[in-house]
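Participant: I'd like to ask some things about the structure below.
The values are calculated or read from the model by the stated rules, or taken from the named source; none is laboratory data. No experiment lies behind these values; they were computed from the predicted model shown. As a convention, Cβ positions derive from the backbone with ideal geometry for all residues, glycine included, and neighbour counts pool all protein chains shown. The protein model used for the area step is the full one, side chains on, heavy atoms only, and it has no ligands, DNA or RNA in it. Shrake-Rupley method; radii C 1.70, N 1.55, O 1.52, S 1.80 Å.
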Amino acid sequence: MAADGSECEEDGSQEVIASGNILETFTECQETRDLIGSLWTVWQEMVSREVCTQRFVVIMDKYQEQPHLLDSHLEWMLNSLLEIIRDKSSAPVLYHLAFKFLYIISKVRGYKIFLRIFPHEVVDVQPVLEMISAQDPKDHETWETRYMLLLWLSMTCLIPFDLSRLDGNIASDSGPNRRPTMDIILEVAKSYLVVSDKARDAAAVLVSKFITRPDVKLKRLADFLDWSLSTLSNASYLTMEGTIAMDGMLQALAQLFKHGKREDCLPYASIVLTNLDNCNLSDSNQTVLRKLGIKLVQRLGLTFLKTKVANWRYQRGSRSLAANLLQSSTDTQRSNTNLSPGEEEEAYDIPEEIENVVEQLLVGLKDKDTIVRWSAAKGIGRLTGRLPKELADDVVGSVLECFSFQETNNAWHGGCLALAELGRRGLLLPSRLPDVVPLILKALVYDEKRGACSVGSNVRDAACYVCWAFARAYEPEEMKPFVNQIANALVIAAVFDRDVNCRRAASAAFQENVGRQGTFPHGIDILTTADYFAVGNRANCYLNISVFVAGFPEYTKSMIDHLVEMKINHWDGVVRELSTKALHNLTPTAPEYMTKTVLPRLLPLAIGTDLHTRHGAILACAEITHAVYKLSAQCNRLLSDYLNNETLAGLTAIHPKLQERQLYRGLGGELMRPAVCCLVEKLSLSKFPHPGEDIIGGWLWLINDSLKSLHLFSSTARQKIKESAVSALSTLCQEYYQERATVAHTNDDIVKQFTSELQSNEEMVRCGFSLALGGLPQFLLKGKLQQVLDGLRKVTCISRKDVGFAESRRDALKAIAQVCQTVGVKGDGCAEEAVCRENIALVYNTLLNCMNDYTTDSRGDVGACVREAAMASLQDVTLLVAQSETALLEPDIVQRMMCALSQQSAEKIDRYRAFAGSVFLNLLYFDNPSVPHIPHREELERIFPRTQAEALNWNAPSQAFPRITQLLGLSTYRYNVLMGLTVSVGGLTESTVRYSAQGLFEYLRAIQNDAEQMDAFSTSLLQVFRDNQHMDRVSTPLLKMLDQMLANGCFDIYTQEENHPFASDLLSLCREEIKRSKDIQKLRSSIAVFCGLIQFPGDIRKKVLLQLLLLVCHPFPRIRKTTASEVYEMLLTYDDVVEPDILDEVMNILSDTTWDADLPIVREHRNHLCDLLKVSKPTQVTKVSPS
């Protein structure tokens, strides 16, 4: 279970489950052999070396979770690599590469296991010592070599012979005196304890193995401790060098006191503890140092105490899961915590230092870092196991002091870890459970607010770990008094915790208790629904799993109480909203409890002082009331039969009291307004007894004021307020305005007021009142339909002052479709009451005009959302009319609609192309009844077969464009499809450009020999150009598309005829497009088009050359250089443009001239080119200044 974690974007998203622990054998055995064998050859080339290493890392990393699968293969891998290492001819690079592979293996399997299989004969000591002595500690590229050699050396130190035997007779050796092997090893260890790389960790292991040897500890233990304590005292954790030195010393001392014999270490333990206290590691900001300090302290504490297992500890007998599930505890050994006099522990004096050690460990439980707290918790568990019963109980009492609300979340977390360790080791006696369990139940719901978020998820996770540990530690009889409390707490955590890791930890703990204890109510049934993976989705937990679990009476009230007490006031708004919806779903399980207990508790909170509590309580009142209404409706009873007058009065009083206290203002208003609007909506849906004109007027005022004030709220809150207000308005009017005596007057006022706000200077106000009009019921629209449609149409029109109001246009389009669906369709009806012949043209013209909204601002193509809304509204209105009055759908309307949709289906933005394609096919294949007058219906059904329509992925350019381009062969759709393809083929997205161009070229290749089709296509292409002259959105990508088409020979049929009009028209349009243009991108695209036009024979070539020579002297140097380069490539491609005798000279001028030089110089070279190419020289126009 993770110690801490958070959950992000989990609701509604598909659960991703990592596949782990599913391997059975080391399947890459042969590949690994080949990789190790290839080291002899690949080491010489760096790329091959890196590829080989990376592949080996990938293979090994697969077994991080199941490293035991490597065990049977470790020996041959080690021997293969040692063969390389021991070979004297191995190059240094190969030598270090072999050690790198050894390190990768040890990292996956763990050095403690891997270390055992290293050769550790007497003959290995000297070679390993020589290899480590030859290393350079400052070489940061080969740290793996030093790390593995130190580990190997630590293994060879275990030989059962006195090291002095390896030295022989040193004094008799000739030459300089040779140092003893013992001193050399010790010097190596000391030197590597102060390095900055991982070799420091291996040096600490070496020290623990070497210093504890019988021969070494007699001669060198005291000296080494003096040196290490001196180094520790002189180092400072404020410097990097000091931190490294302290790290090495602490590691070495901790390992030494762990592996050394107690009688050897005890004389020095007190001195080491004193020196450690003087270091003041608890004040250091280095987490590793604090952790090592705690680790050393606990090892010193264990040294002070005798090595014995406390005979007072609680020992559970059989731990068979099957026995627990079958409830067959008769054969289970019972624990006996009452010791007989003969079994009393041997009394002995506890050293004074133990108090200091325990104190430091208890302080470590409150450390700010998890690894320090975890180390302290394990130390508490180990130490307590060697203490007498009374002192151990004092330690437990001190641990329980961590669970004070004056303590921080770190203390709670450390306390939970310590309790889990004590319970796991049998050191927490059952007599302490009445004190411990209530604290654990508090920890399971621990959540402390800090600013905009909270802390405590690690505490709750650790509390689940405690429950898991207790399930394994205690007999069912011991836990029986607490079963219901723990079961309820774990279920609540598994279902309602905010963080996914806590929910999963609680589910795992619940499962362990069900299996080990066998006494949890309905455990198996709950586990099958709320398992580890099911609780991964928070929304599913709150809305579905909770209902299933609450169906068991043992859990119902506790779950409801938890939501009311802990979740509706949660700092996270999403949790508050989910909690209120969960209360709605849980109401049928305990309706009486909800109406008589929960609602009366919520009403005071709904007008309380705390913002989050007030928000959650209002939403909860709304949801519970609506749920109670559903129950009453099923029994054909009234809401008032379930809710007493006091509760009804409390619900109606919420809004007046909030308004009186001005709680709708400021940041709090962003929560209060949607909450009260939701309350109004739910009360209206619940057919709440008429609360009086003043209350209804107040509710209507709140809705109007919220819509008028949308622009004053933050962008994140606007959408929520708008949606809530519109939903509330619709239900409020439907319930309370239909039967009122003053209905006509009120209707006029509402519609008039709303339509007047549509021309507000604030975009969000327009959005709100547009949707409000769309949400009005039919009786309010009766007689006012034309007024409403005209008002909404004006919102969709683009004027200079509101060109950026794309969102208001989007919402107005949605409102038009909603209004049409509300009033219905009557062919010969009145224009003021329904959609009919008189106003259907207005509706369709408004929607179709918005299909051409390509407004852009700093956010990009904001008009896209308007086009999407227009397409959705067209679909809704068309299907509505088709089902009611098919005759109203005239051919012209249907044709314009289908053409507009085909254009959107060919455009570049995947999302909107997909939506347009979906609408297009929905209209094509709607058959209840079918939409009439769709042009080329049969051809469309052939291009888009009904059987493949659903499978077609419009988002994927590779699937969409091959079909869309086929519409170019249909005369009705050709122009619009070409408009859409233009921005796709000339766009920026690689995949869109590739597949759209590919589809276009395939179509053109198919019609190359069909002059009629080619003429129709080229005519449409030129028309697109004319209609979008100087419109950069279309003209710039159009030039890019033309360049590709000319380069791919799409117009080869026209090159057979001199002076073809298509080429002349295209040239004229291009010249007009770039006139006075300063757009570099457009100019460069036009150059490519001009060069492509040179392929057309006739007089046009002179005109093209003149245009290119004009661009050679363009004011922009970049354009001049680009033009010269393009012309050069053009002359290489089309060798018939220039006479062969002057070609070389022309090419030399183009390539050798510095075209970004000053214009007068460039102009001379250009004029020379004009003479050579027999093109009239352009004359410079002199600007005449006004006199």
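Residues are listed down the side, and each one gets a yes or a no for (1) out of contact with any Lys or Arg (no Cβ under 9 Å at 6 or more places or on another chain); (2) open to solvent by 20 Å² or more (accessible area, probe 1.4 Å); (3) modelled with pLDDT of 85 or more:
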| site | (1), (2), (3) |
| --- | --- |
| 300 | yes, no, yes |
| 316 | no, yes, no |
| 320 | yes, yes, no |
| 327 | yes, yes, no |
| 333 | no, yes, no |
| 339 | no, yes, no |
| 344 | yes, yes, no |
| 356 | yes, yes, yes |
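Participant: Of the numbered conditions (1) within 53 Å of the chain's Cα centre (by Cα); (2) on the phi < 0 side of the Ramachandran plot, residue 1076 satisfies every one except a single condition; which is it?
Facilitator: It fails just one condition, (2).
Participant: Could you list, in sequence order, all residues of the range 388-403 that are in contact (Cβ under 8 Å) with a residue 24 or more places away in the chain and in a helix (DSSP H, G or I)?
Facilitator: Answer for the range 388-403, where residues must be in contact (Cβ under 8 Å) with a residue 24 or more places away in the chain and in a helix (DSSP H, G or I): 389, 391, 392, 393, 395, 396, 398, 399, 400.
Participant: While we're here: Answer with yes or no whether residue 849 is under 21 Å from residue 904 (Cβ atoms), without any contact (Cβ under 8 Å) to a residue 12 or more places away in the chain and surrounded by fewer than 17 Cβ atoms within 10 Å (Cβ to Cβ).
Facilitator: In short, no.
Participant: I've got another one for you. Being in a loop (DSSP other than H, G, I, E, B) and in contact with a Ser or Thr (Cβ under 6 Å, 6 or more places away or on another chain) is the filter here, so list the residues in the range 119-164 that pass it. If you could, list the steps in order and put the result at the bottom.
Facilitator: Let us first name the residues in the range 119-164 that are in a loop (DSSP other than H, G, I, E, B), namely 119-121, 134-142, 157-162.
Selection gives 120 alone.
Participant: While we're here: Select from the range 598-639 the residues that are polar (S, T, N, Q) and open to solvent by 50 Å² or more (accessible area, probe 1.4 Å) and write down the one among them that is nearest to residue 661 (Cα to Cα).
Facilitator: 609
Participant: Of the residues that make up the range 853-870, is at least one in contact with a Gly (Cβ under 8 Å, 6 or more places away or on another chain), open to solvent by less than 10 Å² (accessible area, probe 1.4 Å) and either at pLDDT 95 or above or assigned to a loop (DSSP other than H, G, I, E, B) (or both)?
Facilitator: Looking for residues that are in contact with a Gly (Cβ under 8 Å, 6 or more places away or on another chain), open to solvent by less than 10 Å² (accessible area, probe 1.4 Å) and either at pLDDT 95 or above or assigned to a loop (DSSP other than H, G, I, E, B) (or both), one finds at least one in the range 853-870, hence yes.
Participant: What's the number of the only condition in (1) among the aliphatic types (A, V, I, L, M); (2) surrounded by fewer than 17 Cβ atoms within 10 Å (Cβ to Cβ); (3) closer than 19 Å to residue 578 by Cα that residue 524 fails to meet?
Facilitator: Result: residue 524 passes all but (3).
Participant: Sticking with this one: Suppose we filter 1158, 1141 for residues that are exposed (fewer than 14 other Cβ atoms within 10 Å of the Cβ) and under 25 Å from residue 1058 (Cα atoms); which single one remains?
Facilitator: Sole residue among the options that is exposed (fewer than 14 other Cβ atoms within 10 Å of the Cβ) and under 25 Å from residue 1058 (Cα atoms): 1141.
Matching residues to (1) surrounded by fewer than 16 Cβ atoms within 10 Å (Cβ to Cβ); (2) closer than 30 Å to residue 596 by Cα; (3) outside the structural domain of residue 618 (by the TED database):
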| site | (1), (2), (3) |
| --- | --- |
| 513 | no, no, yes |
| 516 | no, no, yes |
| 519 | no, no, yes |
| 535 | no, no, yes |
| 538 | no, yes, yes |
| 546 | no, yes, yes |
| 565 | yes, yes, yes |
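Participant: Open to solvent by less than 50 Å² (accessible area, probe 1.4 Å), within 27 Å of residue 980 (Cβ to Cβ) and not basic (Lys, Arg), is that true of residue 1094?
Facilitator: In short, no.
Participant: Another one. What is the number of the single condition among (1) open to solvent by less than 10 Å² (accessible area, probe 1.4 Å); (2) closer than 24 Å to residue 978 by Cα; (3) without any contact (Cβ under 8 Å) to a residue 60 or more places away in the chain that residue 905 does not meet?
Facilitator: (3)
Participant: Being under 38 Å from the mean Cα position of the chain (by Cα), farther than 27 Å from residue 761 by Cα and either of a type in the set (Asp, Glu) or surrounded by fewer than 23 Cβ atoms within 10 Å (Cβ to Cβ) (or both) is the requirement here; does residue 681 meet it?
Facilitator: Yes, satisfied.
Participant: Also, quick follow-up: Taking residue 938 and the conditions (1) surrounded by fewer than 23 Cβ atoms within 10 Å (Cβ to Cβ); (2) in contact (Cβ under 8 Å) with a residue 12 or more places away in the chain; (3) over 21 Å from residue 915 (Cα atoms), which numbered condition does it fall short on, given that it satisfies the others?
Facilitator: For residue 938, the failing item is (2).
Participant: Can you name every residue in the range 725-738 that is open to solvent by 20 Å² or more (accessible area, probe 1.4 Å) and either assigned to a loop (DSSP other than H, G, I, E, B) or among the polar types (S, T, N, Q) (or both)?
Facilitator: 727, 730, 731, 734, 738
Condition check ((1) surrounded by 13 or more Cβ atoms within 10 Å (Cβ to Cβ); (2) modelled with pLDDT of 90 or more; (3) in contact with a Gly (Cβ under 7 Å, 6 or more places away or on another chain)) across all residues:
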residue	(1), (2), (3)
43	yes, no, no
55	yes, yes, no
58	no, yes, no
62	yes, yes, no
71	yes, yes, no
74	yes, yes, no
82	yes, yes, no
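Participant: Pull up the range 362-398, narrow it to residues that are under 17 Å from residue 302 (Cα atoms) and β-branched (Val, Ile, Thr), then point me to the one that is surrounded by the most Cβ atoms within 10 Å (Cβ to Cβ).
Facilitator: Residue satisfying both the conditions and the ranking: 380.
Participant: Which of (1) more than 43 Å from the chain's Cα centre (by Cα); (2) outside any helix (DSSP H, G or I) is the odd one out, the single condition residue 267 does not satisfy?
Facilitator: The single condition residue 267 does not satisfy is (2).
Participant: Further, regarding this structure: Just to be sure, is residue 233 open to solvent by 50 Å² or more (accessible area, probe 1.4 Å) and either over 50 Å from the mean Cα position of the chain (by Cα) or more than 23 Å from residue 378 (Cα to Cα) (or both)?
Facilitator: Working: open to solvent by 50 Å² or more (accessible area, probe 1.4 Å): yes; either over 50 Å from the mean Cα position of the chain (by Cα) or more than 23 Å from residue 378 (Cα to Cα) (or both): yes.
The answer is yes for residue 233.
Okay, residues lined up against (1) farther than 20 Å from residue 447 by Cα; (2) more than 25 Å from the chain's Cα centre (by Cα); (3) surrounded by 24 or more Cβ atoms within 10 Å (Cβ to Cβ):
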residue: 502; (1), (2), (3): no, no, yes
residue: 506; (1), (2), (3): no, no, yes
residue: 529; (1), (2), (3): yes, yes, no
residue: 558; (1), (2), (3): no, yes, no
residue: 568; (1), (2), (3): no, yes, yes
residue: 574; (1), (2), (3): no, no, no
residue: 583; (1), (2), (3): yes, yes, yes
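Participant: Sticking with this structure for a sec: Within the range 873-902, take every residue that is small (Gly, Ala, Ser) and open to solvent by 50 Å² or more (accessible area, probe 1.4 Å) and give me the one that is farthest from residue 955 (Cα to Cα).
Facilitator: Our first condition is that a residue be small (Gly, Ala, Ser); within the range 873-902, this holds for 873, 882, 884, 887, 900, 902.
After this cut, where a residue has to be open to solvent by 50 Å² or more (accessible area, probe 1.4 Å) as well, the list is 884, 887.
Numbers: 884: 33, 887: 34 Å.
Once the filter is applied, the top-ranked residue is 887.
Participant: Here are the criteria: (1) of a type in the set (A, V, I, L, M, F, W, C); (2) in contact (Cβ under 8 Å) with a residue 60 or more places away in the chain; (3) more than 27 Å from residue 783 (Cα to Cα). Tell me which single one residue 707 does not satisfy.
Facilitator: Unmet for residue 707, out of (1) of a type in the set (A, V, I, L, M, F, W, C); (2) in contact (Cβ under 8 Å) with a residue 60 or more places away in the chain; (3) more than 27 Å from residue 783 (Cα to Cα): (3).
Participant: Among the residues of the range 640-655, count how many are part of a helix (DSSP H, G or I), in contact (Cβ under 8 Å) with a residue 12 or more places away in the chain and either farther than 23 Å from residue 702 by Cβ or open to solvent by 50 Å² or more (accessible area, probe 1.4 Å) (or both).
Facilitator: Total satisfying the criteria: 2.
Participant: Every residue in the range 909-930 that is of a type in the set (Lys, Arg) and open to solvent by 10 Å² or more (accessible area, probe 1.4 Å), please.
Facilitator: Within the range 909-930, just 911 meets the criteria.
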